[in-house]
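Just so you know, all these numbers are worked out from the coordinates, no wet-lab data involved. Given the structure is predicted, the values throughout are model-derived calculations rather than measurements. Note that each Cβ is placed from the backbone with ideal geometry, even for glycine, and that neighbours are counted across all protein chains shown.
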Amino acid sequence: MKKAIRRPVVAQEVLAQLRLPLAELMRSTLLDTVITAGSLRAIEMLEEQREALCGPKHAQTTERQAYRHGSCAGSLVMGGRRVVLPRPRVRSVEGRELELPAWKHWSDKDPLEQRALAQMILGVSTRGYAGSLERLPVEVPERGKSRSAVSRRFVQGTQKQLAKLLQSDLSHLKLAVLMIDGVHFEDHVVLAALGIDESGNKHVLGLWEGATENARACKGLLEDLVTRGLATDRAMLVVLDGAKALHKAVKDVFASRALIQRCQEHKKRNVADQLPESMRPSVRRAMSEAYESSDAKRGLRLLENLAARLDRDHPGAAASLREGLAETLAVIHLGITGRLRLTLRTTNPIDNIFGSVRRVSRRVKRWRGGRMMLRWCGAALLDASTRFRRIKGHAEMPKLVAALRAYEGTFDQQDAVA
């Protein structure tokens, strides 16, 4: 049995389908009417531009700069897909094809990429993309909404966003706080850096992919930030989850300028995981009491006493508690209080935006390498950044900045003596 040959859409047929009788338009929905009328107006505008180049149809003129060259079926962007409309053709007197300005503008692919990005971020699958679009009148042929077409546009859009993120200039940012953490995808980890400026505004700074959360990957991320303008000549509070690789990388790049705050929640979790269930609530309460102290020396003494009590029966938990103990109290040493202290004593601000990464990527069944992971992470983080607010306690940021400058001065004096 022979296959039916599909005839190409002819421009005149499209026009005839669009020019519906008034009575038919009245019976259609408002959306159908608006789209049909808009399509006719678009065709009229294209014809007006062609007439401006070629002169009135059939008119004899000696100053002709271009000639009509018929029309063909083309496609323009509308509502997340391409719709088929007749494209008027124009040739210059030298025989070169000329593109009408309106057609060039309306056929731009960027809106398609943006729509695909927006739908995928919301959790629409490539299979369900077509069903998420507004229905067009049956008279308007459409294309570009298949799974493969949507996937291509999403890849192109995320590549552009990732390049923009990884190439952005950081030299204009006056950062007081740097937070670094990683999100895991199968056997890979994507490290992300979040900066908080002196006014309390959050900024996604960069991403780095590695096989594990090791010192080389962490240092690669930090060196990339420095290359793009991140200042290393001023003191900065660096909030980490306690990973040794992150700690080493920060010290290698920032040296004494980095005042490290170890996440108190991670520390409590790490200690509690090495204790029997019955002991965990009381140890957590004891650690919380120390972390809520207004005096760093008192907080340190309470934690050391707790470690001494754990030493005999649970030496592993005691060792975990002592590891980096002073760094869990950095915000207290700086004299930070109130809501700002609650914000900066944990990695919650960056953990929260990782929630967006997990939500956006939950439908991915198969990861095809680190570049794909970076694209999805970049898209999710940039989408989350559009909803960023200043951190809780931002009114106290001047106090933090003053404390960092004072901390910075102690090292300046030591350098002068040396």
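Each residue of the range 383-396 is assigned a 3J(HN,Hα), and the resulting list reads 5, 5, 5, 5, 10, 4, 10, 5, 5, 5, x, 4, 5, 8 Hz, derived from the Karplus form 6.51 cos²θ - 1.76 cosθ + 1.60 (θ = phi - 60°), x at Gly and Pro. Projected onto planes of every orientation and averaged, the convex hull of the alpha-carbon atoms in the chain covers 34.2 nm². Database remark: amide H of V238 closer than 5 angstrom to the amide H of L178, L259, I260, Q261 (H placed geometrically; neighbours at sequence offset of 5 or more, or on other chains; Pro and chain starts carry no H). Applying a DSSP loop filter and a limit of 11 other Cβ atoms within 10 Å to the GluC sites (Glu not before Pro) in the range 108-149 leaves E134.
Computed packing ranks the peptides 343-354, 218-229 as 343-354, 218-229, most packed first, by mean other Cβ atoms within 10 Å.
Cross-link reach is defined here as a Cα-Cα straight distance under 13 Å, omitting same-chain residues fewer than 8 places apart; for K160 the aspartates and glutamates meeting it are D110, E113.
Relative contact order of the range 278-339, taken over Cα pairs closer than 8 Å and 6 or more residues apart, is 31 percent. Normalising the average separation of contacting C-alpha pairs (under 8 angstrom, six or more residues apart) by the number of residues puts the relative contact order of the chain at 13 percent. The 3J(HN,Hα) values that the Karplus relation (6.51, -1.76, 1.60; θ = phi - 60°) gives for the range 65-73 are, in residue order, 9, 8, 10, 5, 9, x, 8, 9, 6 Hz. Gly and Pro appear as x.
A straight Cα-to-Cα reach below 15 Å connects K57 with the aspartates and glutamates E44, E47, E48, residues fewer than 8 places away in its own chain not being considered. Subtracting the Cα-Cα distance of L98 and E408 from 0.36 nm times their residue separation leaves 105.3 nm of extension gain. Projecting label points 7 angstrom from Cα along Cα→Cβ for L122 and S293 puts them 5.2 nm apart.
For the pair S256 and K174, the difference between a 0.36 nm per residue extended length and the Cα-Cα distance amounts to 27.7 nm. Thinking of the range 253-359 as a set of Cα atoms, what percent of all their pairs are more than 16 Å apart? In whole percent, the share of Cα-Cα pairs in the range 253-359 beyond 16 Å is 60. Using the Cβ-Cβ distance between R339 and V226 with R0 set to 22 Å, the FRET efficiency works out to roughly 0.10.
Taking packing as the residue-averaged number of other Cβ atoms within 10 angstrom, the listed peptides 192-199, 398-405, 267-274 run from highest to lowest as 192-199, 267-274, 398-405.
Taken as Cα centroids, the range 199-235 and the range 323-344 sit 22 Å apart, rounded to the nearest whole angstrom.
Modelled spin-label separation between E48 and R309, with each label point placed 7 Å from Cα along the Cα-to-Cβ direction: 8.2 nm.
Just order 317-329, 275-287 by mean Cβ neighbour count inside 10 Å, highest at the front, would you?
Highest to lowest by the protection proxy: 317-329, 275-287.
Taking amide H positions as modeled 1.01 Å from N, with prolines and chain starts lacking one, the residues under 5 Å from C72 and 5 or more places away or on another chain are R87, R89.
In this structure the amide hydrogen of L98, modeled in the peptide plane, comes within under 5 Å of the amide hydrogens of V90, R91, S92, none closer than 5 places in sequence on its chain.
Applied to the range 129-134, the Karplus parametrisation 6.51 cos²θ - 1.76 cosθ + 1.60 on θ = phi - 60° returns per-residue 3J(HN,Hα) values of 4, 4, x, 7, 8, 5 Hz, with x for Gly and Pro. Cα centroid separation, the range 275-313 to the range 58-123: 70 Å.
Inverting the pair-averaged 1/r between distinct Cα atoms of the range 172-417 gives 19.0 Å as its Kirkwood hydrodynamic radius.
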